1. For a quick check: with amide H placed at 1.01 Å from N, whose amide H comes under 5 Å from Val225's, ignoring anything fewer than 5 positions away on the same chain?
2. Using the heavy atoms of the protein chains alone and a 1.4 angstrom probe, what is the accessible area of segment 257-309 per residue in square angstrom?
3. Given only helices, namely DSSP H runs of n ≥ 4 each adding -39500 (n - 2.57), what is the per-residue ellipticity at 222 nm of the chain, to the nearest 500 deg cm²/dmol?
4. Take the Cα of Thr47, step 7 Å along the line toward its Cβ, and report every residue of segment 193-208 whose backbone nitrogen sits under 19 Å from that point.
5. Of all beta bridges DSSP finds with both residues in segment 222-370, what is the antiparallel percent, to the nearest 5?
6. Starting from the Cα of Tyr232, step 7 Å along the direction of its Cβ; do the same at Arg65; then give the gap between the two resulting points in nm.
7. Given charges of +1 on the Cβ of Lys and Arg and -1 on the Cβ of Asp and Glu, with all other atoms neutral, how large is the dipole of segment 309-459 about its Cα centre, in debye to the nearest 20?
8. Based on Cα coordinates alone, diagonalise the gyration tensor for segment 303-403, multiply each eigenvalue by 5, take square roots, and list the semi-axes in whole Å, largest first.
Amino acid sequence: MADAAKPPESLFPDSFLWGSATSAYQIEGSPLADGAGASNWHRFVHTPGRVRNGDTGDLACDHYRRWRDDVTLMRALGMNAYRFSIAWGRVVPDGFGRINPAGLAFYDRLVDALLEHGISPMATLHHWDLPAALDDRGGWLNPDIAHWFADYAQVVFRKLDDRVRLWATLNEPWVVTDAGYLHGVLAPGHRSLHEPPIAAHNLLRAHGAAVQAYRAIGKHDIGLVVNLEPKYAASQDERDLAATARADAYMNRQFLDPVFLGRYPDELAEIFGDAWPHWPAKDFETINQAIDFIGVNYYTRNVTAADARAWPVHASGVPQPRATHTQTRWEVYPRGLADVLEWVAARYGNPPIYITENGAAFYDPPTAPEGGIDDPLRVEYLRDHLRAAHAAMQRGVDLRGYFVWSLLDNFEWAHGYSKRFGIVHVDYVTQQRTPKASARFYSRVIATRGAELHAHSGA
Ligand code: IFM
């Protein structure tokens, strides 16, 4: 029996980072302000038919002008960390060459304000918004992009590394290649079998080159952020098992194996066939740099079966009709978070891990008369995933922090504003921010260092 007088136990150490994550194009707005160069996303959203309802990031959450209020809001919620991304084109408008001091100054002020509020910044150098001028030169298909990226990264390191202690090179490179170059649903909107391996390889070379640049001038920690989705075989049939291995190689190991083990998974050659290039061995010397942490973005799992029609992996997800699904039709499966963290620890030598994104889009009911927004499904999602994260820590995973996706409702790429992931509601007409019940819940979790997760129900 628990002692009623004793406060419930903290589950997470004092050093644990409790934050939220956002990205530049999804929240900032003012994409061309103060000398910024247009991004591939600016171009994509202004191409008719690419984004639902014709939505754009022109205003988004107007964070470029309201950043002070947003930092105050994070502090009010008790967060001690914040993961944001830097728009490459604000800092280097053409992608290489000329630096734009006004763009750099925006992030400089943001970092100062975060620190003044006791919030540790984690900066991501690339979260999908590539300078359009680089897209004109082939974007991630151009091998020169590795040194363009490293040069841009150095400019940012020199300005901010005295205050930013956590750096991520790339966010979810798999999505860039799969959605941007294979299926064409995100920028730059290409649909090709030959391009994704080349884009992936250049993303990895760019990551490695930025890490090398960081080792020369940086003093803190740098890592890579990947989205991982555990693949569970739908049956023990050997076709399903082989399909599961292919799906896992394609999504989960394509980027981490080269970074940690210096080679691609064998399954990729099978998946891409003639489109799989022969890679120069020296590239893996660049890619296989020691990194200080892995950022894991986790949203859902996949129960995988062989599917001859599913191009090019020949594997697809088996629907789970009894499960809860989010508005993006992702199955809610908290146990998958623990599984994936333990898998990373076992396969890659138990590196420090941050959960750099985790969250859910659910339909939020209209604001209650007293101004609150109840989002019980999101509260439950966060509680169950944080419990799973804690269970993984107890089994030895070196988990250092958790960043909820997202602080604010924001521009959800090709979905436009139709999917709300925020723990804070944004009224896109007035730009008013209203914390949802999930924000209050997360705040209590932070204040009690996880003890709140023992409580049975919520908000
Ligand atoms: O909004 C995205 C984010 O940009 C990258 N990770 C997944 C989120 C939700 O889809």
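The values are calculated or read from the model by the stated rules, or taken from the named source; none is laboratory data. Here the structure is a predicted model, which is why all the values come from computation and not from measurement. Every residue, glycine among them, receives a Cβ derived from its backbone with ideal geometry; neighbour counts consider all protein chains shown. Areas reflect the complete protein model, heavy atoms only, side chains present, ligands, DNA and RNA absent. Shrake-Rupley method; radii C 1.70, N 1.55, O 1.52, S 1.80 Å.
1. Thr169, Leu170, Glu172, Gly295
2. For segment 257-309, the per-residue accessible area is 46 Å².
3. -10500 deg cm²/dmol
4. Only 193-200 fall inside the zone, counting backbone N under 19 Å.
5. Taking every DSSP beta bridge within segment 222-370, about 25 percent pair in antiparallel fashion.
6. Once both label points are built, they end up 4.8 nm from each other.
7. Around 300 debye, computed over segment 309-459.
8. Semi-axes from the Cα gyration tensor: 28, 24, 11 Å.
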